[in-house]
Amino acid sequence: MKAITTFLLALFITIPVLVQGQSEPPSGMNELQAYSVFVDAYRSEDYEMAMNYGEWIIEAAPKEIEGYDEFELERQFDRMISIYAGAAEEEEDPSLQTEYLEKAAGVFDKAEDTFSDDEIDEYDWELKEGRFYHENRENMDASMDDAIRHYFNAFELDAEQFTQESDGFYAEVLLTELAREGERDRAFQMIENIEEMASGQLQSTIDDVRESLFENPGERIEYYESQLTEVDDAEKERILNDLVDLYEEVGSEEKAREAAVELYELNDNLENTRAVADINISAGEYRSAVDYLLEAEELAEDEDTRFEIFLQLAETYQQVEEFEDSREYARKAIDLDENSGEAYLRMASLYAGTVSGCVNGSKLEREDRAVYWLVLDYLDQARAADSSVESEAQNREESYVEAMPSDEDKFFNEWEAGDSFQINGDLKDCYAWINETTTVR
């Protein structure tokens, strides 16, 4: 065919371009000759020549060409769109750019009139036309609405293929535009249809769009609650996670706890187990929190997570006045990371809290005040281990120094500065469990 094409181009090179709308091949050629010229001009990007012969193909729309069994009319429509778009790209005159692009749009319209549903891939053409308007709307009489209309048509024809197209890019564009235009029902319906297939950036876009569609937390809660009975376990887990946060945001602590427990029962992984523990701590249900934290300790796989859980257990055991267990976990935290000041601060807090429990609202005695020497020891260790807690340790020390035994107290009890001093049951029975050595200050 190449030899025929070259000969025909040489033969008709001086013939003027014919007008669009001619149903017969240009220049008295037969169909095969005209088609050959068209293909060669298309491949060489001779847009003027290609348009002259391609416009005949579009107008006449021959379903076959005698002498060439591989002819596909649909492919020629596709080529003509590329030809007009290529001519527009090369053209510097904006009015001519628009004219070429409008002709390309006309090819889409002509294709719709020319082909039946079983002759053409309707999904492919809807997506192609949407992309055409999306990319060229600023240079022609079109808007993003034209692109969205065709994207939505493609989505309705094959939601799965559309969602996966270009790693979800077109689904992102369509969903974002529906939300921007206030099409809440259509946007929600689209999210429902595509979310199970979405991943990566598309899933992130879904999350952002869903967030933007709700006017207030209460509306989001109502929507999520309505979805719980209609989704699989994986989606239910995601919804319950969101509901826990939302309930906390609006102050519905009991509902937050119920949702967290339901989430834990659905999947008792580390994250969900810690979430239930945290909810119980926030609600003051420390005994329940301890049980979940102990489970979380067993599930933790890295040292940073175990360290955090040890500190939580130390604090939570202190809240239920199980002081020895509190100290055990504070010490575990120190063993795990001796350079973190938080664990030493926890020990200081534990012993200071023990004093408050022993006094129980009564007047501080000399023996009670002596425990603050041990509290100050741990504050000093916190500062020495971790400069980031310097300020907090200093502030606490200033309050505890005032509570230490006075010079009169030390004189009366013959406590000499620098001497070792035992904090144990010899002071009071309630200090027996401490059994640590400090130094008289």
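Details
- Some residue of segment 367-377 being more than 49 Å from the chain's Cα centre (by Cα), among the small types (Gly, Ala, Ser) and assigned to a helix (DSSP H, G or I): yes
- Of the candidates Arg274, Arg220, the single residue that is at pLDDT 90 or above, in a helix (DSSP H, G or I) and open to solvent by less than 70 Å² (accessible area, probe 1.4 Å) is Arg274.
- All conditions but one from (1) open to solvent by 50 Å² or more (accessible area, probe 1.4 Å); (2) in contact with a Lys or Arg (Cβ under 9 Å, 6 or more places away or on another chain); (3) of a type in the set (Asp, Glu); (4) without any contact (Cβ under 8 Å) to a residue 24 or more places away in the chain apply to Glu138; the one that does not is (2).
- Trp373 meets all of the listed conditions (1) out of contact with any helix residue (DSSP H, G or I) (no Cβ under 8 Å at 6 or more places or on another chain); (2) free of Cβ contacts under 8 Å to residues at least 60 places away in the same chain but one, namely (2).
- Residue that is surrounded by the most Cβ atoms within 10 Å (Cβ to Cβ), among those in segment 92-134 that are in contact with a Ser or Thr (Cβ under 9 Å, 6 or more places away or on another chain) and over 12 Å from Asp146 (Cβ atoms): Ala104
- For the criterion of being without any contact (Cβ under 8 Å) to a residue 40 or more places away in the chain and at negative phi, Gly54 passes.
- Selection of helices (runs of 4 or more DSSP H) fully inside segment 23-105 by the criterion of at least 1 residues being over 47 Å from the mean Cα position of the chain (by Cα) and farther than 26 Å from Asp141 by Cβ returns 31-43, 47-60.
- Across segment 150-201, the qualifying residues are those that are of a type in the set (Gly, Ala, Ser), more than 15 Å from the chain's Cα centre (by Cα) and surrounded by fewer than 17 Cβ atoms within 10 Å (Cβ to Cβ), and the one among them that is modelled with the lowest pLDDT is Gly182.
- Condition check for Val107: in contact (Cβ under 8 Å) with a residue 40 or more places away in the chain and β-branched (Val, Ile, Thr): yes
- Within segment 43-54, none of the residues are more than 19 Å from Lys103 (Cβ to Cβ), surrounded by 13 or more Cβ atoms within 10 Å (Cβ to Cβ) and modelled with pLDDT under 95.
- Residue within segment 378-385 that is of a type outside the set (A, V, I, L, M) and either closer than 20 Å to Phe323 by Cβ or in a loop (DSSP other than H, G, I, E, B) (or both) present: yes
- Residue within segment 111-121 that is in contact with a Lys or Arg (Cβ under 9 Å, 6 or more places away or on another chain) and either more than 16 Å from Phe77 (Cβ to Cβ) or free of Cβ contacts under 8 Å to residues at least 24 places away in the same chain (or both) present: no
- Residue tally, condition of a type in the set (D, E, K, R) and farther than 21 Å from Glu122 by Cα, over segment 72-101: 6
- When Leu263 is tested against (1) more than 30 Å from Leu345 (Cα to Cα); (2) open to solvent by less than 70 Å² (accessible area, probe 1.4 Å); (3) out of contact with any helix residue (DSSP H, G or I) (no Cβ under 6 Å at 6 or more places or on another chain); (4) touching a residue at least 12 places away in the same chain (Cβ under 8 Å), just one condition goes unmet, and that condition is (3).
- Selection status of Ala330, over 30 Å from Ile239 (Cα atoms), open to solvent by less than 50 Å² (accessible area, probe 1.4 Å) and in a helix (DSSP H, G or I): yes
- Annotation: of all residues in segment 27-38 being among the hydrophobic types (A, V, I, L, M, F, W, C) and surrounded by fewer than 22 Cβ atoms within 10 Å (Cβ to Cβ), the one that is farthest from Phe77 (Cα to Cα) is Met29.
The values are calculated or read from the model by the stated rules, or taken from the named source; none is laboratory data. As the structure is a computational prediction, the values presented were derived from the model and not from experiment. Neighbour counts run over all protein chains shown; Cβ positions are idealised from the backbone, glycine included. Ligands, DNA and RNA are stripped out before the accessible areas are found, and what is left, the full protein with its side chains, is counted by its heavy atoms. Shrake-Rupley method; radii C 1.70, N 1.55, O 1.52, S 1.80 Å.
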